[in-house]
Amino acid sequence: MKNKTLQELTLKDNFLFGAVMLDEETCRQFLEIALGIEIERVKVSTEKSIVYHPEYHGVRLDAYARDEKNTCYNIEMQVEKTAIVKRSRYYHGQMDMELLLKGMDYEKLPNSYVIFICCYDPFGQGKYKYTVEQRLRENPEYNYSDGSYTIFLNTKGTNKDEVSEELVNFLEFVNAELEESQQE
């Protein structure tokens, strides 16, 4: 595989994605568009590694951010198909381990989001955005709300009328090949 020059990179490339998300204002704006919430500010780190023991599988988070309310966001660019549902579960668990110090009450555990930007449709439903929240099977209307959310964004979506124009524009830009992304 040939090394690419900076001019040949798109947002799908790990290096450029990390560089873009490292800009705190850009990351904040992306999170607001993706989640439809207001965020005052974020602190960002890229390629954050979480390894608790050498015998266990660690994680490397593409972009990790915390906002003014201590809410945590993990943003992953996902070009290749993987076991993404199990991966999201594992990422939530690994992130949670860093959020409570010994002796802290579980109520202090902040909200967390794992966001995958997928260059394929992870569920084959044609949606630009899939949101996963915990629910009680016996009473789906009950507000279980454990504070963990998984968002799958799909660059191949077709339901433009169900999401914001800004989100569609972003996902189309991510999906664009080099020539398309350079057009004004």
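Brief remarks follow.
- Sparse-neighbourhood loop sites, GluC sites (Glu not before Pro) in the range 91-175 - DSSP loop, at most 14 other Cβ within 10 angstrom: E98, E138, E141
- Accessible surface of T150 - all protein chains present, 1.4 Å probe, nearest 10 Å²: 10
- Qualifying trypsin sites (Lys or Arg not before Pro) in the range 101-184, DSSP loop, other Cβ atoms within 10 Å at most 16: K102, R135, R137, K156
- All C-alpha pair distances within the chain, sorted into 10 Å bins from zero, spread as 8, 33, 38, 16, 4, 0 percent across the bins.
- For the chain, accessible area per residue (1.4 Å probe, heavy atoms of protein chains only), Å²: 64
- Seen against the Cα atoms of the chain and their longest principal axis, helix 24-35 is set at about 80 degrees.
- Note on R89/N111: beta-carbon distance plugged into 1/(1 + (r/R0)^6) with R0 of 22 Å gives a FRET efficiency of 0.85.
- Computed over the range 62-141, the range of Cα coordinates on each principal axis works out to 43, 36, 23 Å, biggest value leading.
- Note on the chain: helix-only mean residue ellipticity at 222 nm, from DSSP H runs of 4+ residues weighted -39500 (n - 2.57) and normalised by residue number, equals -8000 deg cm²/dmol.
- By accessible area, using a 1.4 Å probe on protein heavy atoms only, the chain has 48% of its surface on carbon and sulfur.
- Accessible heavy-atom area order of D13, D62, D105, highest first, probe of 1.4 Å: D105, D13, D62
- Chymotrypsin sites (Phe, Trp or Tyr not before Pro) restricted to DSSP loop in the range 77-173 with at most 15 other C-beta within 10 Å: Y120, F123, Y142, Y144
- Cross-link partners of K81 among lysines (Cα-Cα below 26 Å; sequence separation of 8 or more within a chain): K2, K4, K12, K48, K127, K129, K156, K160
- Extension gain from R60 to S45, taking 0.36 nm per residue of separation minus the Cα-Cα distance: 4.3 nm
The values are calculated or read from the model by the stated rules, or taken from the named source; none is laboratory data. Just so we're clear, the structure is a prediction, and the values are computed from it rather than from any experiment. Here Cβ is always computed from backbone atoms with ideal geometry, including for glycine, and neighbour counts include all displayed protein chains. To get the accessible areas, we keep the full protein, side chains included, count just its heavy atoms, and leave off ligands, DNA and RNA. Shrake-Rupley method; radii C 1.70, N 1.55, O 1.52, S 1.80 Å.
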